[in-house]
Amino acid sequence: MAQGLQPGWRFAPPPGVNVVEGNPRHALALQANMQVHPVYLRQVVQYQTNERSGTIVVDTGAHFLYFVLGGGRALRYGIGVAKDGFEWSGTHQITRKAEWPSWTPPAEMLRRRPELPRFMEGGPNNPLGARALYLGSTLYRIHGTTEPWSIGQNVSSGCIRMTNADVIDLYERVKLYTKVVVL
């Protein structure tokens, strides 16, 4: 676990929003997620951009990923991003989508952390989480996480991490070759 992160942090919902155990019945109810600060919960926001509908814009400094809806709106998700020294930016496309992806740490990561496994089957204990969206020919992905308390933090080796519920939602919305802009 990254230094300074404590599993099980507890946060209250934003004012005027009720937290429910089951599926929400309306927009002012959120499914309970007590490990992610409310500012990082998925929501539709005003978002002015010249990018077309369906584009993903990743604002690493603010820890938000925007799925552009058009009409000055976007679906905003909270994310965990690269730690110091692993930041990057650019424009890519989603070239592969995977459900419960397996994980093979890159050679660079294995040199830094030789204790890591050489391969992990997909599943609930895999660090890539429930879904992965592969970004071009880079080593980077937008993926789920087994550490939801890390959302809003600089914790990864360059990948963009989301809660499993959020990455499943995004995975269903995007198509192959979707444009991804990382700021």
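In terms of modelled amide H atoms, which long-range or inter-chain residues lie less than 5 Å from the amide H of Ser102?
Gly122
Compute the accessible area per residue over region 83-183, keeping the other protein chains in place, probe 1.4 Å, unit Å².
The answer is 50 Å² per residue.
I need to check one value: relative contact order of region 60-183, counting alpha carbon pairs closer than 8 Å and at least 6 residues apart, in percent.
Averaging sequence separation for qualifying contacts and normalising by length gives 33 percent for region 60-183.
Expected output is a single nm value to one decimal: the length gained when fully extending between Lys175 and Thr49, i.e. 0.36 nm times separation in residues minus the C-alpha distance. What is it?
43.4 nm
How would region 108-183 be classified by its alpha-carbon gyration tensor: rounded, prolate or oblate, with rounded meaning a/c under 1.5 and the a/b versus b/c comparison settling the rest? Can you show the working numbers first?
Values: a/c = 1.57, a/b = 1.34, b/c = 1.17.
Prolate shape, in that a/c is at least 1.5 and a/b is the bigger ratio.
Identify the GluC sites (Glu not before Pro) of region 101-139 meeting these criteria: DSSP loop state and at most 16 other C-beta atoms within 10 Å of the C-beta.
On the way: sites: Glu108, Glu115, Glu121; in loops: Glu115, Glu121.
Filter output for region 101-139: Glu115, Glu121.
At most 13 other Cβ atoms within 10 Å and a DSSP loop assignment: could you name the trypsin sites (Lys or Arg not before Pro) in region 89-183 that fit?
For trypsin sites (Lys or Arg not before Pro) across region 89-183 that sit outside H, G, I, E and B with at most 13 neighbouring Cβ atoms in 10 Å, the list reads Arg118, Lys175.
Tell me which chymotrypsin sites (Phe, Trp or Tyr not before Pro) from region 123-183 have a DSSP coil assignment and no more than 12 other beta carbons within 10 Å of their own.
On the way: sites: Tyr134, Tyr140, Trp149, Tyr171, Tyr177; in loops: Tyr140, Tyr177.
For chymotrypsin sites (Phe, Trp or Tyr not before Pro) across region 123-183 that sit outside H, G, I, E and B with at most 12 neighbouring Cβ atoms in 10 Å, the list reads Tyr177.
The values are calculated or read from the model by the stated rules, or taken from the named source; none is laboratory data. In this text, all values refer to a predicted model and were calculated from it rather than measured experimentally. Cβ sites come from the backbone with ideal geometry, for glycine too, and all protein chains shown count toward neighbours. Note: areas computed on protein heavy atoms with side chains; ligands, DNA, RNA excluded. Shrake-Rupley method; radii C 1.70, N 1.55, O 1.52, S 1.80 Å.
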